[in-house]
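This report refers to the structure that appears directly beneath it.
The values are calculated or read from the model by the stated rules, or taken from the named source; none is laboratory data. Bear in mind the structure is a predicted one, so any value in this text is a computation, not a measurement. Because the Cβ atoms are built from the backbone with ideal geometry, glycine has one as well, and the counts that use them run over all protein chains shown. Please note that ligands, DNA and RNA were not included when accessible areas were found on the heavy atoms of the full protein model with its side chains. Shrake-Rupley method; radii C 1.70, N 1.55, O 1.52, S 1.80 Å.
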Amino acid sequence: MKQNFDIVEKFDLWNEYCEYWIDRSPLLSQKDIQSFKDERAKADVILNGFISTYLLLSAVEMNLFDVLHETPLDLPELSERLNVPETNAYRLVYMLEKMQLVTIKEKIEVTDFAKKFFIPASNSFEPYLWPRIGFTRLFLKKYGPIFSEMVKTNVQFDEIHWPPKNEIESRNFEPIMTAEVPYLASFLSQHLLSNSQKDVTMLDVGGGDGTMASILVKKHLDLYIDILNLPSACSIIEETLSRWNTMSKITVFPANFLQDKFPQGYDKILFSRVLVDWEDAVVCMLLKKAFNALKPKGEIYILERINKPDGISRSWLTFMAMGVEAHVFARSFDEWKKLLETEGFSNISKITDGSFEGYGIIKAIKC
Ligand SMILES: C[S@@+](CC[C@H](N)C(=O)[O-])C[C@H]1O[C@@H](n2cnc3c(N)ncnc32)[C@H](O)[C@@H]1O
């Protein structure tokens, strides 16, 4: 049945079924009621997801978490600090308590869970979801009411395109990826160890804002990295290198990998979260360039999500990807292996420890 979504009062359907429910309710068994209860919890998440998102955004916008992190307050104190009537201050914290972001006793306090993801000032803060809050806010303010047009691709984000077309778009895009980089770099770093006594060179293709390379060279004193990225990302990378003081170990190589040649003669090549954006033909072309750019016995590392579950940030990206012309070609290990073999790589292995958001490494050698 086609609904008229402009009419707020949509109870026609309900009224039609009301009598049926009234007749049926005495016949409902305990089992029905139990399953209804479980399903209601699921429906709550589905229908009310927007409520938690908006509550979270208002709490962040109104500085509520920071205020309570500084000092737990009682309701009148909180209402005064936030400049909100007490009734609404109560409603807000009542709902935030359901989301396990605060506890309400004599004083209202933030939970350890809130500190972990939503309070940058806390010692236990995990930064990787934080840049998504700003983007979610922009999305809801500007694109929320026309989201179905985005699904149809009639509307796309103004702020970002894929791949980024200019420096502003690169600046909008890179932090979304960089937020996860410390976790990935720490995982990758454990598997980059070299047994050689000499310096090791690596090409980081599509190397983001340079944070990954900076963390890796800080951890591996014998490692030198060239970052290949679009010219629009290069000044951002230079800023990162200067912040990390890694300019002496990292060189920036502006290039479009679809058209330009790779620099040559590397011990290692890294594709971190790059190949997933491209169809097989482009991946093969890039793997061929990588093969040619490696020294004999050189190693390629592909870092992508290959494990299940594939993480909350994946859901967020999948949703937002409808607003850019991006494609995601999620591949299994066997699919990666086939592509690598086609381009001449051997000793193909998978390294996973299940630690972060479904990511794993596919490693292969140029023999
Ligand atoms: C999804 S991001 C991954 C960034 C980083 N490797 C990471 O794991 O955080 C993809 C990167 O590829 C770069 N990129 C996209 N198209 C490119 C092209 N044609 N040539 C060079 N770099 C490109 C983007 O600028 C971006 O830095």
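Observations, loosely collected:
- Checklist (1) under 26 Å from K350 (Cβ atoms); (2) assigned to a loop (DSSP other than H, G, I, E, B); (3) near the ligand (Cβ under 9 Å from one of its atoms) applied to L193, failing item: (3)
For every residue, the table says whether it meets (1) in contact with a Phe, Trp or Tyr (Cβ under 6 Å, 6 or more places away or on another chain); (2) in a helix (DSSP H, G or I); (3) under 17 Å from H191 (Cα atoms); (4) modelled with pLDDT under 90.
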| residue | (1), (2), (3), (4) |
| --- | --- |
| A290 | no, yes, no, no |
| E304 | no, no, yes, no |
| S313 | no, yes, no, yes |
| L340 | no, yes, no, no |
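- Filter result for D204 (within 25 Å of A321 (Cα to Cα) and either more than 11 Å from the ligand (Cβ to nearest atom) or surrounded by 20 or more Cβ atoms within 10 Å (Cβ to Cβ) (or both)): yes
- Each residue in the range 171-186 was checked for being open to solvent by less than 10 Å² (accessible area, probe 1.4 Å) and either outside the structural domain of A233 (by TED's automatic domain parsing) or part of a loop (DSSP other than H, G, I, E, B) (or both), and 1 pass.
- Among the residues making up the range 259-302, those that are more than 25 Å from K198 (Cα to Cα) and in contact with a Leu (Cβ under 9 Å, 6 or more places away or on another chain) are D260, R273, V274, L275, W278, D280, V282, V283, C284, M285, L286, L287.
To keep it simple, each residue is scored yes or no on (1) within 23 Å of D353 (Cα to Cα); (2) within 12 Å of the ligand (Cβ to nearest atom); (3) open to solvent by 10 Å² or more (accessible area, probe 1.4 Å).
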residue	(1), (2), (3)
L188	yes, yes, no
K198	no, no, yes
G208	no, yes, yes
V217	yes, no, no
N229	no, yes, yes
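- Total residues in the range 240-278, condition away from the ligand (no atom under 14 Å from the Cβ) and open to solvent by 20 Å² or more (accessible area, probe 1.4 Å): 11
- Odd one out for I160 among (1) surrounded by 17 or more Cβ atoms within 10 Å (Cβ to Cβ); (2) at pLDDT 90 or above; (3) away from the ligand (no atom under 11 Å from the Cβ): (2)
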